[in-house]
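Notes for the one structure printed next.
No lab work stands behind these numbers, since they all come straight from the coordinates. Predicted model only: the values in this text are computed from it and were never measured. Positions of Cβ are backbone-derived with ideal geometry, glycine not excepted, and every protein chain shown enters the neighbour counts.
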Amino acid sequence: MKVVAMTVVVAAGLLAAGVASASEELAKSSGCMTCHAVATKKMGPSFKDVAAKYKGKADAQAKIVAELKAGKGHPAVKSSDADTATLVKWILAM
Ligand code: HEC
């Protein structure tokens, strides 16, 4: 029984890690990482800072996706709408 529980925990951990790195790859291929890093400030704020700033704000996802798409106040992004939504979700979950 213990072994089964351990296996489930490990599998869930691997799954979460897989999702995180897939999003990070997407951020890289979308050019976000030219100006951003997960934990350090570059030209733009670190994604962890963004997550902290918007913590508890229910409309953050929609607001930021719209901002990135419009290319106003933020350099225009080349990612598709779906990719931008995925990226913002990933960032806000940090
Ligand atoms: C050319 C540089 C550059 C690129 C490329 C870039 N950003 Fe940014 N980003 C910035 C700067 C500068 C800011 C700070 C000004 C602002 O908030 O708009 C910022 C801010 C942000 C914020 C915080 C917005 C807020 O309202 O606080 C998010 C989220 C973000 N970027 C996500 C992304 C994502 C996702 C991508 C890739 C699809 C990306 N950025 C690509 C420069 C960049």
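Only helical runs count toward this figure. For the chain, summing -39,500 (n - 2.57) over DSSP H runs of n ≥ 4 and dividing by all residues gives -20500 deg cm²/dmol at 222 nm.
Please give the charge dipole size of the chain, origin at the Cα centre, charges +1 on K and R Cβ atoms and -1 on D and E Cβ atoms. Round to the nearest 20 debye.
With Lys and Arg at +1 and Asp and Glu at -1, about 280 debye.
Residue 12 to residue 80: FRET efficiency via 1/(1 + (r/R0)^6), r the Cβ-Cβ distance, R0 22 Å, to the nearest 0.05?
Values: r = 29 Å, r/R0 = 1.32.
The formula returns an efficiency of 0.15 here.
Using only the Cα atoms of the chain, construct the convex hull and provide its projected area averaged over every direction, in square nanometres to one decimal. Don't jump to the answer; show the numbers that get you there.
Numbers: hull surface 28.5 nm².
For the chain, the mean projected area of the Cα convex hull comes to 7.1 nm².
Here the spin labels are modelled as points 7 Å beyond Cα on the Cα-Cβ line, and at residue 43 and residue 26 they lie 2.2 nm apart.
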